[in-house]
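The structure under discussion appears below in the form of structure tokens.
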Amino acid sequence: MNPKDLKRRIDEIVIQLRDTYQLKSSAVYSFKMPSKMLLQYCIGTKQPLTPAVGQKWLSTFQHLQQGDPKEQRRYRSYQRCVGLLLDQQWQKQPIWKSYRCNLDNTLQGYQDAHHVVSYLQLLREEGKAESTQSFSKRVIVLFTGYLQQISCLSYQALTPCIVKQFFFQDAFANRKPKGLRAYAYRLRLFLRFLVDQNVLPPHLPLAVPTSCPRITEIISCLPQKEVKQLLKMDQTPTAFQKRNYAMILLALRLGLRSSDIVKLQFHHLHWKQETISLFQQKTSKHVELPLLPDVGNALAEYIFQERPKSSSPYVFLRSSAPFTPLTRNACYRATRYQLQEEKKDGKSFPQGFHILRRTQASQMLQEGCPPSLIASFLGHVSIESIDPYLSTDVSRLRSCSLSLENITTTPEHLP
């Protein structure tokens with residue numbers, strides 16, 4: 001796409017964003033501004049817009065990914081700009097969506113890319129969740145991109161030193177130990193796959209750092225005070241608050257994950273049978289949960305009074321055009337919004353949306369529900385998945401405490 005065609009394409013998309021989707025001026029500006037920058041880049045470098053040129057232009061803003069939330073939002077707008085301009089579907093049927101970096105471009109020039117395709121196919125055959133497949137692909141692509149930077153053009157040329165140096169890049173400088181464990185675990189599984197394919201020697205997966213091994217943590221739950229604050233509603237709640245309230249109740253009362261809440265559709269709701277029946281996004285396991293009165297009332301109030309008029313099969317939609325389904329970030333924003341008063345007082349409270357699911361599991365355990373029932377209610381594949389919740393049952397943990405009687409100690413003084 002030469003600069004002249006690129007300019008015409010930008011004007012066409014701006015008109016579609018403003019007229020077809022009726023986006024706010026700020027949203028249209030978030031596309032116009034980076035598109036003009038990209039146009040000037042193509043003119044300055046005398047190159048037509050291609051996926052490779054778009055990725056090269058995005059790489060100049062890589063520092064924004066590690067910046068504050070405002071800079072990260074700006075980088076995502078640059079990603080969307082490149083995606084919109086390169087998406088051929090916009091010429092026939094406009095589809096508004098979020099565009100991520102085209103990670104496949106990193107693999108196109110790598111001679112061993114077919115091993116990645118085989119590994120991802122194996123994950124699909126094993127029934128791994130889509131999120132697991134996506135994260136595994138991301139780790140492999142980052143690792144492959146690192147190999148290209150150091151001119152290691154084949155997996156067979158890997159050495160233990162190269163594998164270790166991958167985790168000393170600037171991209172991992174601000175990563176928390178839990179995040180590093182996730183990257184190391186996925187990379188180790190891929191290297192073991194290459195060992196099975198006789199591509200690598202058996203000892204090479206051992207080069208993946210184990211300084212952050214998987215550990216069992218004491219999970220946190222919301223105390224009753226925070227639960228009351230979370231369910232607190234104004235006398236005249238807004239559409240945004242009603243939507244948040246319904247999503248929070250689905251997690252707090254039924255233990256649904258954020259991925260299942262944002263993908264909830266109308267055919268999952270059986271009002272006459274008073275049940276919610278769906279296949280979980282993470283495990284693909286079918287669960288049938290009771291549609292409790294407070295949950296059903298919150299859903300009905302949002303659907304009939306505040307939900308935007310749309311033919312979309314999804315229950316929860318954006319409150320402003322385009323009325324597309326929500327992302328998981330909407331669930332996390334819901335908890336932060338409801339607990340913002342506690343935060344203003346300088347008090348700390350557990351972060352995240354998954355804590356609502358943990359709170360429900362912990363409450364069921366304290367009420368004496370058998371582990372098999374809890375695992376079935378939460379849709380766990382294995383009953384061992386509820387073991388971390390045992391640390392929240394303080395009353396029963398007291399019965400397991402050991403006496404300190406007849407244990408002698410001697411005082412020691414530090415020098």
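Structure notes:
- Taking a ≥ b ≥ c as the square roots of the Cα gyration tensor eigenvalues, the stretch 3-102 comes out oblate, since a/c reaches at least 1.5 and a/b does not exceed b/c.
- In order along the stretch 301-308, phi translates into HN-Hα couplings of 5, 6, 5, 8, 10, 10, 5, x Hz, rounded to whole numbers, per the Karplus curve 6.51 cos²θ - 1.76 cosθ + 1.60 with θ = phi - 60° and x for Gly and Pro.
- Given the choices [x] 28.7; [y] 25.3; [z] 21.2, Kirkwood radius over Cα pairs in Å derived from the coordinates of this structure is entry [y].
- Filter on Lys137/Lys263; Lys32/Lys137; Lys228/Lys309 - keep pairs with C-alpha separation over 25 Å: Lys32/Lys137; Lys228/Lys309
- J(HN,Hα) series, the stretch 275-290, from Karplus relation 6.51 cos²θ - 1.76 cosθ + 1.60, nearest Hz, glycine and proline x: 9, 10, 10, 7, 9, 5, 5, 7, 10, 6, 8, 7, 10, 10, 10, x
- Rounded, prolate or oblate (a/c below 1.5 giving rounded, otherwise prolate when a/b exceeds b/c) for the stretch 136-255 by Cα gyration tensor: prolate
- Inter-label distance, nm, simple model (7 Å from Cα along the C-beta direction), Arg73/His267: 3.7
- For the stretch 21-42 versus the stretch 269-297, the gap between their alpha-carbon centres in whole angstrom: 41
- The chain: calculated mean residue ellipticity at 222 nm from DSSP helix runs of at least 4, using -39500 (n - 2.57): -15000 deg cm²/dmol
- Order of Tyr110, Tyr155 under a 10 Å beta carbon neighbour criterion, fewest first: Tyr110, Tyr155
- Most mobile of Leu64, Leu289, Leu254 in a GNM of the chain (Cα contacts under 10 Å): Leu64
- Estimated inter-spin distance, Tyr29 and Tyr314, nm [label 7 Å along Cα→Cβ]: 2.7
- Gyration tensor (alpha-carbon) shape descriptor, the stretch 224-396, a/c threshold 1.5: oblate
- Segment Ser134..Leu292, full-extension length gain: 53.5 nm, with 0.36 nm per residue of separation and the alpha-carbon distance subtracted.
- For Thr275, the residues whose amide H sits under 5 Å from its own are His270, Leu291, ignoring neighbours fewer than 5 places away on the same chain, with H placed 1.01 Å from N.
- Additional length obtainable on full extension of the chain from Lys56 to Leu373, 0.36 nm per residue less Cα span: 108.9 nm
- Sparse packing (at most 16 other Cβ atoms within 10 Å of the Cβ) combined with a DSSP loop state is found for the following GluC sites (Glu not before Pro) in the stretch 374-415: Glu405, Glu412.
Quick note: the coordinates plus some simple rules give every number you see, no bench work behind them. Quick caveat, the model's predicted, so the values are computed rather than measured. Here Cβ is always computed from backbone atoms with ideal geometry, including for glycine, and neighbour counts include all displayed protein chains.
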